[in-house]
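Quick notes on the structure that follows.
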Amino acid sequence: MFESVCFYLCGGLMLLGGIMTVASRSAVASAVWLIFAFLNAAGVYALLSAPFLAILQVLVYAGAIMVLFLFVIMMLHGPVMNEDLRSRSRWFWPALALPLAAIAGSAVTLLGRARGGAFPAPAPHGFGRAEQVAALLLDRYLLAFELISIVLLVAIIGALSLGLREGRRT
Amino acid sequence: MTIGLTHYLVLATAVFLTGLSGVLVRRNSLIVLMSIELMLCAGNIVFAAFSRWLGDASGHVFVLMSFAVAAAEAAIGLAILVEIHRLRRSVNLDDLKTLTE
Amino acid sequence: MEQVTALFARIAGAGTLSPQLLLWLGALTMALIMALVMAACAIVFTWAERKVAGFIQSRYGPMRVGRWHGIAQPIADMLKILQKEDIIPADADRKFFILAPFVLFIGSLMAWAAIPFAPGFVAADLDMGLLYIFAASSLVTIGILMSGWASNNKWSLYGAARGAAQIVSYEIPLALAVVPVVLYAGSLNMTDIVVAQQGGIWKWFALRNPFLFVSFLIYFLASIAEVNRTPFDLPETESELVAGYHTEYSGMRFAFFFLAEYANLFLVSCIATAVFLGGWGHPVPGLNFAPALVFLAKAVLLVLAQIWIRWTLPRLRVDQLMHVCWKVMIPLALVCLAGSGVWMLAFVRFA
Amino acid sequence: MSRKLLERLQQEFGTAILRTADQHGDAVIWVAPKDATVVLRHLRDREQCELLLDVAGVDYPERAKRFEVNYLLRSLARAHRVRVKIDVAEGEAVESATPLWRCADWHEREVFDLLGVPFRGHPDLRRILCHHEFEGHALRKDYPIEQGQPCVSTEKLFGDHEIEQASRRSEGVAAAGDESGLPSDLLTVNIGPSHPATHGALRVEVLLDGETVVRARSEIGYLHRCFEKEAEDHTWHEVMPYTDRLNYCSALLNNAIWAHSVEKLLGVQITPRCRAIRVIVSELARLTDHLVCLAANLVDIGALTNYWYLYNVREGIYQIFDKLCGSRLTTNYARIGGMSHDLYPGFAEETLFHLGRLDEAIRDVTGLVARNRIFLDRTVGVGAISREEALSWGYTGPCLRATGLAYDVRRFAPYFGYEEYDFDIPVGEHGDTYDRIMVRFEEMKQSARIIRQALRKLPEGPVNIDDPRVILPPKESVYGSIEGMMNQFKLIYEGIQVPAGEAYGFGEGGNGELGFFCVSNGTGRPWRVKVRPPCFPIFSSYSRLIEGGMIPDAIAILGSLNIIAGELDR
């Protein structure tokens, strides 16, 4: 019961955040709604017995990625962007309504028929904790771990080379 | 009814499609980037949900990878956007059609 | 927290409340206590800051309100600030302008939940308490950015941009500096970390090995930057950016910024106490009375040290700030991490 | 000295030099507007007149060529003091001296603003002290002194085109053709007129690329209150309290130098005791000036505590002033021909006590900052200016000495008997913010040294000269005799009758050479008083100093230049 309430709360708010992200006129409002959605996503992770992911979700998304977004929005002459009415085409609401309607329909039928694929009762102890994920990451998925480092390294170098604009200095 | 895998999948799909419609409909490239982040997030929920269903934390590793990709995407994407803004004074996708013309 | 839940259970009578409800009630009560403690600390520290500043600057500081050394000054200040007119600039983005101080405040409030003041005295004894604290305090950045943006003032915007860049950058050495401790403690749980340091001053992580001591210094300096205090007070430099991101705030909303600043000051000191300085443990082995007081004493000492630094040093320039972070602190923190690892392999026997 | 120079000039230029004169040791030459640039260039290049002190315009409505423009030149190496006079009629233009001296820019703008004399070839001939909506020219004799003009709009200091150009330059993409018409990437920010770091009402409009200042332009005049116009409407004596408000951090220096200037015009010699008192109070005022400047500058850099260490001493000196003059800030202590009254008993002991505290404060503060890494990073190499450039910008005082040039009026042209005192002239090396700060610290020590010497050999005797034309009679004689009564009446109502003539009286102010160019037509009121505020030319170089630096640098530099708006805007 408690879990259901939490799920509908977090899930519903996350979806709301997502919709508002897409629907907001101003980029700053979008970003703030997206942060809201991500915070609720952290709640969803917690419900899925993935506390490590939940905390990382907040740390990485809310603490770093979205800060970067907000930073860039503000630096790019935000006031102009606020009034950018063209940024939402008139197909917007139909385009948003269609998938949501489809989802609602399928959800009703799916959940109405099946039992919702109940999870195997309580997750094993230590499931989704930092220790477990770390053990996996450094053992079975070492390649993934290395890939992550390479992706991040490339991203750092790429962002730096784009940001430094060396060729522009006279 | 207890909350199960299907619920999470439905939620993830809804979030994913919301993000997708954002990518398709919005013209402000910053918001498009944000919509992509939303889609990635929806994918992560699917990973985590199946991980829970199967009782195997391997899915979490992939979520971590996806975090890294999302962070890298944001960093590079925003760097490119800043650069475009410098050259064009706009981040509106309709203004960035030089190649098609 | 167990004590609190037990208390509730006793009041309501055994069995009348479900365990889950009890858990939530307990957590809420603890959170409330924490919020009150935090507000009280913040208020006391405003007074302490002024007295210490006065002492350093060969003057008295507040002397009038309250009988002894202006002890009631913070209360008078609070009353005054509550009565001030609440101004929202005409061109401001109203929603975000109103929301920003709360986001900032909640960010620092949430982090308090995982601080273990004494054995069992912790609102939420999370398995990943340390990570949780970092995650919660990262919300502060968003509050700063929102306030700077919403004020629609160029100085605010500059302050917010500086603040965001600074806090995001300094979070890296801050986090890297505590990793060696996690290595030693083998846990992210705050209580576990503190328990691992019991048994006298030589058990404290800051003094376990030279690398950890350097890590502690890095943590301490980076935490000053995290809370925007001199010499790292660039987001709100009065002489440059008027008041930075809270230039346009007044009255109650400004009080939120003000409180959050001092609460954060205390928070980072508490984290340092728990992570590096043995938490509630006495420096002399064998003693174990008044653990909470010991914890508070250490944290307050760190706060005083931060105040001392603030009134002694000039402030850095933006580029120098980033230089210190990226080219000095982060490499040094990495070296300390590696060094601690090697030290552990070489000298520490695993139980 | 000046005769030889005048002879040389006459040989060189012949009839181009219309007339010459020697006024109080200043070589004065009259030239026609068309020859002005040639003569000025010759003076700069051949006679080493590297310093353009001031450009002073005087209005003589009854003359055919109504305006007289004075270029006040100074040669540090050869000790020349030259004044080049150019007579122009209404609407006639003077060739601008901006190619010769950078500081001519603002000085000529001031003449243009207040008298309406145009300058040909001036790069930016706009109003400077009066606002952009002002009509007429305030210092013309036919401008009514009561007529005020309100200003209702702000002036944008940068046009869109300039912003676009600066933006291109900062990005280095000037070659790409299709960029034009796009809004600029630079952020326009106003530092001031009310900003915590301006310490007075100044405005600097900066174009920022991130934190970097790409272009800057400053605007002054927010505190303009027509000191020079007021002076023309008051007797020589009544001007004294107005001088308090020029550089309000060192009012006593202004008092003393004003009195000195008028005495020069009168040709009177003050008593030995008066000279010693003036030296003492001048140096005390210099101390307060430097203390305020340093305290404010350190606060701007973030070292807040030093403020109290320095201000405690200033407070002590202000208490001395309070006892001595009856007020702390606006002292009004000097009188033409003497002082308002003698020192009070116990003055020497109190002063020595506070000098002891000064030494302590200097030790404390330099101990906190002088070797502090953050402080060094913030100040060394920041806002550096070379010796040549500083001279071209008209620097004097500590800012010039920071570049390594030991020019001090107290040594160059001693007055008040400064030649009798033993003191050093501290100099810097790089002309950066650090040097400016350290030069001021060292100068405070030297000032203390001078004060100690002066107190030790303070001569006895009268403070005021014995001259009923200049000095008010004692009260007994005012109430007791008809002569005394008449004397008092004449001096108060008609003022001191100063013989017709011109004199440029100058001394070492807190920020540099403070001068009063006084013109008398033989009546009790000045015909024209032109102040040479030391920070006026220094502030004109401010934009140049901060361009390319960051906002925090700009703030640190502003503090180290010690811009006092009261003196800047007059």
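Would you mind classifying chain D by shape? Square roots of the alpha carbon gyration tensor eigenvalues, ordered a ≥ b ≥ c; an a/c under 1.5 is rounded, otherwise it is prolate if a/b is larger than b/c and oblate if not.
Since a/c reaches 1.5 but b/c is at least a/b, the shape of chain D is classed as oblate.
In the structure shown, do any of D:Lys141/D:Lys490; D:Lys4/D:Lys34; D:Lys490/D:Lys530; C:Lys203/C:Lys298; D:Lys141/D:Lys229; D:Lys34/D:Lys65 have a Cα-Cα gap over 19 Å, and if so which?
D:Lys141/D:Lys490; D:Lys4/D:Lys34; D:Lys490/D:Lys530
Starting at 0 and stepping by 10 Å, how many percent of the alpha carbon pairs of the protein assembly as shown end up in each bin?
For the protein assembly as shown, the pair-distance distribution reads 2, 8, 15, 18, 17, 13, 10, 8, 5, 3, 1, 0, 0.
Under unit Cβ charges (Lys, Arg +1; Asp, Glu -1), what dipole magnitude, rounded to 20 debye, does region D:462-532 have relative to its Cα centre?
300
How far, in degrees from 0 to 90, does helix B:29-54 lean away from the longest principal axis of the Cα atoms of chain B, to the nearest 10?
That works out to roughly 10 degrees.
Put a dot 7 Å past each Cα toward the Cβ at D:Phe353 and A:Ser149; how far apart are the dots in nm?
Between A:Ser149 and D:Phe353, the label points sit 7.1 nm apart.
Using alpha carbons only, how many angstrom separate the centre of region C:262-299 from the centre of region D:459-508?
Cα centroid of region C:262-299 versus Cα centroid of region D:459-508: 76 Å apart.
So for the pair D:His24, D:Tyr60, with labels modelled 7 Å out along Cα→Cβ, what separation do we get in nm?
Once both label points are built, they end up 1.8 nm from each other.
When Cβ neighbours within 10 Å are restricted to other protein chains, what is their mean count per residue of peptide B:46-56?
5
Taking +1 at the Cβ of each Lys and Arg and -1 at the Cβ of each Asp and Glu, which of A:Leu68, D:Thr15, C:Cys41 sits farthest along the dipole of the protein assembly as shown towards its positive end, judged by Cα position relative to the Cα centre?
After comparing all options, I get C:Cys41.
Rounded to the nearest whole Å³, what is the per residue volume of the convex hull around the Cα atoms of region D:426-570?
Convex hull of Cα atoms, per residue: 167 Å³.
Compute the distance in nm between two label points, each set 7 Å from the Cα along the Cα-to-Cβ direction, one at D:Arg544 and one at C:Arg64.
Calculated label separation equals 5.0 nm.
Label chain C by shape, choosing from rounded, prolate and oblate, from the square roots a ≥ b ≥ c of the eigenvalues of the Cα gyration tensor; if a/c is under 1.5 it is rounded, and otherwise prolate applies when a/b is larger than b/c, oblate when it is not.
Here chain C falls in the oblate category.
In what sequence, highest mean first, do C:291-303, A:152-164 appear when ranked by Cβ atoms within 10 angstrom?
The packing order, highest mean first, is C:291-303, A:152-164.
Classify region C:252-294: rounded, prolate or oblate, from the alpha-carbon gyration tensor (a ≥ b ≥ c, eigenvalue square roots; a/c under 1.5 rounded; otherwise prolate if a/b is larger than b/c)?
Prolate shape, in that a/c is at least 1.5 and a/b is the bigger ratio.
Taking only DSSP H segments of four or more residues, each worth -39500 (n - 2.57), what value at 222 nm results for chain D once the sum is divided by all its residues, to the nearest 500 deg cm²/dmol? Don't skip to the end; give the middle numbers.
Values: 21 runs with 238 residues, N = 570.
Helix-only estimate at 222 nm: -13000 deg cm²/dmol.
Could you state the orientation-averaged shadow area of the convex hull built on the Cα atoms of region C:230-351, in nm² to one decimal?
Numbers: hull surface 44.8 nm².
So the mean shadow area of the Cα hull is 11.2 nm².
What dipole magnitude, in Debye to the nearest 20, does the protein assembly as shown give about its Cα centre under +1 on Lys/Arg Cβ and -1 on Asp/Glu Cβ?
Working: 106 positive and 114 negative charges, 335 e Å.
Dipole magnitude for the protein assembly as shown comes out near 1620 debye.
As I understand it, the value is the acute angle between the Cα axis of helix B:5-25 and the longest principal axis of the Cα atoms of chain B; what does it come to in degrees, rounded to 10?
Rounded to the nearest ten degrees, it is 10.
Just to confirm a number: summing +1 for Lys and Arg and -1 for Asp and Glu over residues other than D:His354 whose beta-carbon lies under 11 angstrom from that of D:His354, what do you get?
Spelling it out: positives minus negatives among the neighbours equals -3.
What are the residues whose amide H is under 5 Å from the amide H of D:Arg528, where those residues sit 5 or more places off or on another chain and H is modelled from the backbone?
Residues meeting the amide H criterion: D:Val519.
How many Cβ atoms of partner chains, on average, are near each residue of C:141-147 if near means within 10 Å of its Cβ?
Average neighbour count from other chains, rounded to a whole number: 5.
Within 10 Å, count the other beta carbons around each residue, average over each peptide in C:283-289, C:207-213, C:166-172, and list them highest first.
C:166-172, C:207-213, C:283-289
Give the Rg (one decimal place) followed by the Dmax (whole number) of region A:129-170, computed from C-alpha coordinates and expressed in Å.
My reading of the Cα-based Rg and Dmax gives 16.4, 52 Å.
Considering only the other residues whose Cβ falls under 9 Å of the Cβ of D:Gly507, what net charge follows from Lys and Arg at +1 and Asp and Glu at -1?
Summing Lys/Arg as +1 and Asp/Glu as -1 gives -1.
What share of Cα pairs, in percent, lie more than 14 angstrom apart in region A:17-75?
54
Work out the length of the dipole vector of region D:225-294 about its Cα centre, built from +1 on the beta-carbon of each Lys and Arg and -1 on the beta-carbon of each Asp and Glu, and round it to the nearest 20 debye.
The calculation lands at about 300 debye.
Work out the charge dipole of the protein assembly as shown with +1 on the Cβ of Lys and Arg and -1 on the Cβ of Asp and Glu about the Cα centre, then indicate which of D:Gly121, C:Gly107, D:Gln147 is farthest towards its positive end.
It is C:Gly107.
Read the figures in this text as sums done on the coordinates, not as results from a lab. The shown structure was predicted, so the numbers you read here are calculated from the model rather than taken from an experiment. Using ideal geometry, Cβ is built from the backbone for each residue, glycine included, and neighbour counts are taken over all protein chains shown.
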